[in-house]
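Down below is the structure, laid out as structure tokens.
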Amino acid sequence: MYNYIARDQYNETYYIKGKHPRKALLALFYRQHADKIYRDTLIGSQHVGWVIAGHWLTVYKLLPLKA
């Protein structure tokens, strides 16, 4: 089961297993460094993803649906 998904600026989707999405994305792109991406909101800035190897990756946590 996947815990996170990441989408880049080209609308490519990356499915991530495990508890550490940054670590998984760094391994996927064979890199050791990631810069953070922030989104401005009404209450301040919110961390939403990373820039890795030229990819602007927005990360979303997947939560199970309860009936």
Inspect all residues belonging to segment 38-47 and state whether any of them is among the aromatic types (Phe, Trp, Tyr), in contact with an Asp or Glu (Cβ under 7 Å, 6 or more places away or on another chain) and surrounded by 10 or more Cβ atoms within 10 Å (Cβ to Cβ). no
Keeping to segment 49-63, report how many residues are over 19 Å from Met1 (Cα atoms) and part of a strand (DSSP E or B). 8
Quick one: in segment 10-35, of everything that is touching a strand residue (DSSP E or B) at 6+ places or on another chain (Cβ under 7 Å) and over 14 Å from Tyr60 (Cα atoms), which residue is surrounded by the fewest Cβ atoms within 10 Å (Cβ to Cβ)? Asp35
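Values in this text are rule-based calculations from the coordinates and carry no lab data. Keep in mind it's a predicted model, so treat the numbers as computed, not measured. When we count neighbours, we look across all protein chains shown, and the Cβ atoms used for this are built from the backbone with ideal geometry, even at glycine.
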